[in-house]
Structure formats: structure tokens, C-alpha cells
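Asker: One structure, as C-alpha cells, below. Some questions next.
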Amino acid sequence: MVYHIAFLAISQAHQFLHWLPAALRLAAEPNVRVTVLVSSEAGHELIRSYDTHRCLDIKRLKAPSVRNHGLFTPPHRLSVLLLNAAAIGRYRTIVTTETTSSLLRRLPGFASEMIHLKHGAGDRDGGYNPKHAGFDLTLVNGPKDKERLIDRGLGSEDNIEVVGYGKFELVRDTAEPLFANPNPVALYNPHFDKDVGTWARHGAEVVEAMEAARGWNFVVAPHVKTRAGPSIRSSAPNILIDRGSIRSIDMTYTQAADIYIGDASSQVYEFIRTPRPCIFLNPDRIDWRSNPAYSHWHLGQVIESMDELPAALARSKDLQPSFEKAQRAMSAASIDLAEVPASERQAKAILAFARRPREARGRFGWKPALMGIFQPKKLA
């Protein structure tokens, strides 16, 4: 029997790097055919660049417009899902890193079983939304996410599995330096959520302070979903501003940086895979110490004014030993590292789910034969 498994590629491209290792691993399995359903040409090209042996069957989905969509500006997600519901519904097992697709469960007769491979390992509340509950199986990076999803009633012990962080397997060597001088590099990586991120209200002030900092280079790389906020430019030789490129998502910057400066982005956990100094910006004076959404702020210095930045940078190396133990503990809770590669663990969990007898699969117990109007022909 051949098992047909589909991966949805309808999000911004940063999510692709979280499911690609599992998809490539599954495609190497006997009697498994992996199809990637992608909503843009830019997404198609990026996926194929990682699939050098052409193991994946990549199919384009219909898009609601004909304009040129980029890696970080894909077609409207829900529109793509509705336009392609029948095509998506042909696959009995669907894997995705976004949660909007769980809304397909509301379509009469849509009976595909859906697996959510959670991307990112952050702490903010937005990472645990009600749509998480719409999946038959959820694969998470570490025990922290499993515990939080269960605590919020978004899953159970039986349908959440810890599988590690596959994205780490795609890291490429970056021998080329980011700057022409040997000064240390700090990465400023604000989150797109304007309620917790610093870019929209304070980005200009942050960049101005960095321009004035002597002896440091700064990469300014807001989350690729950042749309609100100022359009900031800098001609300073120690500033590199990247509002969305492959380097902003493939860990080029988190690998190259000596210090992380941020607010709520989960990329901090990619950075502290190798423990290094962190500085968190709190210009809005948030009461953060007992708030789980800011758990990562215990992993470094927290400053409330950009006037404090030069001193924070200067003492970061000396203070790092006092944070390293906490960084290692939080990293282990957020991203489960094991001898078995994450992609292998992910593929094993997905294939085990796909192979279960149909009556044993899915926690919704839907009966598509009774639903009537939406009955696409299923692929095993």
C-alpha cells in the first residue's frame, strides 16, 4: 500500500523550514509519496531549492489573484483553502505548520485527517490559539509546548507528541562575514505582533541608538510578518537592515550574531542553542517577571531605555555566566534535542499516524459518508 501524505505550503516561507526536513525524510521512505501543495511560485522555487534530489511532488494550488506573490507575501490563506478545498481533501493525511487550515474541518464532508507541526518555540500567548484544537495530531518542539497546549485545552496527552526542531537540520555554513570589520555583531529581531513587539513604536529609536554605538555591528531583522511600523533606513556602516530575505529565516543571523536583542520572537531559542548573551527591550515597562509570555526575558538583561544599551552591551560578556544555566534549561524545555534527528522523529510520528487503521485515526469521529456534499476521491 502506498501512503499519500500532503504538506501544505500556504504560509509565509519562514514556516517552510520547519516542515521541509520531515517531508524530505518521509519522501525517502518506501511506499510513501509526499506531495507539497504550494500557493505561490516563489514558495515553489524555495521548496525545490532544498529538494535537490526532486523527491517531493510539488503541486501549485489556485490563488485568488494573479499578482506576483513573494516568499513573505503569499496569497490570502483562507481564500486559497476555500478555492482548493476539494483538491486538498483528496489526501487522507495532511501536515501543516499554520493553523488556519483547521477551518477546513467546518466544510461539510471534509474528512482528511490533519497533523499540525508547530513552528517556532516561543512563549507569547499568540502561539497558542484556539485553532490548535482543530487537529488530529500535534507535533511540538519541546515539552513546554505540550504542557501549555494541554493546560489550555487545545490538545491531550494522547494527541500531542514531542518531536524536536527539524529546522536545525537545514542550517548552512555562513563563511562570508556580514560586515567588513571584525567588530562583534548584535542581532535585533523584533516580533511582528505590535502588542508585544518593539518595532512599530520604538524601532526608529532603537536603530538611532545602534548607529551611535561604537565598536559594534548590528543586524536589524524584524520578523518577516512585520507590516506595521516605520520604514526605517540607515546608511551607517555598522547597520544592516533586512526587512525580509532568506537570510532572515534560515538562521544566518542567529548563527553569526554574538548578542541577541529582542522582545517576543521565538528566534531567541534558535540563538541560545549555543548559549550567548541576550538583551531584551522593555521601553513600555511591561510587568513581565511573572508572565509566562515573557519567560525568555529571564535569560538575559532587560533594559527599559535605549540609553542603557551601550552599558548593557559592554557588560554582556561578563554577565553571561549568570544566565547560561537558565538558558540551557529553557532551551531544553522549548526544543527537545535527542540523538535521533528531529526530522526522523517527525517522520516516524506522521507515518505511524497515517498507517493506523482508519477507525483508530482522528479524534473527531466525523462520518464523511453522512456529510453529503463534499466527497472528493481519497488518496490512501
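The values are calculated or read from the model by the stated rules, or taken from the named source; none is laboratory data. Every value quoted in this text rests on a predicted model; they were computed, and no experiment measured them. Neighbour counts are summed over all protein chains in view; Cβ atoms, including those assigned to glycine, are modelled from backbone coordinates with ideal geometry. These area figures cover heavy atoms from the full protein model, side chains too; ligands, DNA and RNA do not enter into them. Shrake-Rupley method; radii C 1.70, N 1.55, O 1.52, S 1.80 Å.
Asker: Any idea what angle helix 199-212 forms with the longest principal axis of the chain, computed on alpha-carbon atoms, 0 to 90 degrees, nearest 10?
Answerer: It is inclined by approximately 40 degrees.
Asker: Could I ask something else about it? Once you order the gyration tensor axes a ≥ b ≥ c over the Cα atoms, which shape class does the range 184-280 get: rounded for a/c under 1.5, otherwise prolate or oblate by comparing a/b with b/c?
Answerer: Details: a/c = 1.44, a/b = 1.06, b/c = 1.35.
Rounded.
Asker: Return one whole number: the accessible area per residue of the chain in Å², for a 1.4 Å probe. It would help to have the intermediate numbers written out before the result.
Answerer: Working: 16720 Å² over 380 residues.
Heavy-atom SASA per residue in the chain reads 44 Å².
Asker: Rounded, prolate or oblate: which one fits the range 37-128, using the alpha carbon gyration tensor with axes a ≥ b ≥ c (rounded when a/c is under 1.5, else prolate when a/b beats b/c, else oblate)?
Answerer: Rounded.
Asker: Among 18-24, 65-71, what's the highest-first ranking by average C-beta atoms within 10 angstrom per residue? Write out the running numbers ahead of the final one.
Answerer: Numbers: 18-24: 25.3, 65-71: 12.1.
For the peptides 18-24, 65-71, the packing ranking is 18-24, 65-71.
Asker: Using 0.36 nm per residue of separation minus the Cα-Cα distance, give me the extension gain between Asp151 and Ala352 in nm, one decimal.
Answerer: Net length gain for the segment: 69.8 nm.
Asker: Determine the relative contact order of the range 101-230: mean sequence separation of Cα pairs under 8 Å and six or more apart, normalised by residue count, in whole percent.
Answerer: Relative contact order comes out at 18 percent.
Asker: Return the carbon/sulfur percentage of the accessible area of the chain, one whole number, probe 1.4 Å, all protein chains in place.
Answerer: 51
Asker: So, one more: Peptides 143-153, 261-271, 314-324: what's the order by average Cβ count within 10 Å, highest mean first? Write down the numbers at each step before the final one.
Answerer: Values: 143-153: 17.0, 261-271: 24.9, 314-324: 13.8.
Final packing ranking: 261-271, 143-153, 314-324.
Asker: Taking only Cα atoms, what is the 0 to 90° angle, nearest 10, from helix 309-334's long axis to the longest principal axis of the chain?
Answerer: 30
Asker: Could you tell me which of rounded, prolate or oblate describes the range 44-88, using a ≥ b ≥ c as the square roots of the eigenvalues of the alpha-carbon gyration tensor, with rounded for a/c under 1.5 and, failing that, prolate when a/b is larger than b/c and oblate otherwise? All intermediate terms of the calculation are to be shown ahead of the outcome.
Answerer: Details: a/c = 2.94, a/b = 1.48, b/c = 1.99.
Oblate is the answer for the range 44-88, as a/c is 1.5 or above yet b/c matches or exceeds a/b.
Asker: Now for a separate question. Please report the relative contact order for the chain, taking Cα pairs under 8 Å with a sequence separation of at least 6, and give it as a percent rounded to a whole number.
Answerer: It comes to 20 percent, rounded to a whole number.
Asker: Provide the packing ranking of 30-39, 116-125, i.e. peptides ordered by the mean count of other C-beta atoms within 10 Å per residue, highest first.
Answerer: Values: 30-39: 19.3, 116-125: 22.6.
Top of the packing list down: 116-125, 30-39.
Asker: Another question about this same structure. Could you work out [θ]222 nm for the chain from helices alone, using -39500 (n - 2.57) per DSSP H run of at least four and dividing by all its residues? Round to the nearest 500 deg cm²/dmol.
Answerer: After summing the helix terms and dividing by the residues of the chain, the value is -8500 deg cm²/dmol.
Asker: Once both axes come from the Cα atoms, what is the angle between helix 342-355 and the longest principal axis of the chain, in degrees from 0 to 90, rounded to 10?
Answerer: The two axes meet at around 20 degrees.
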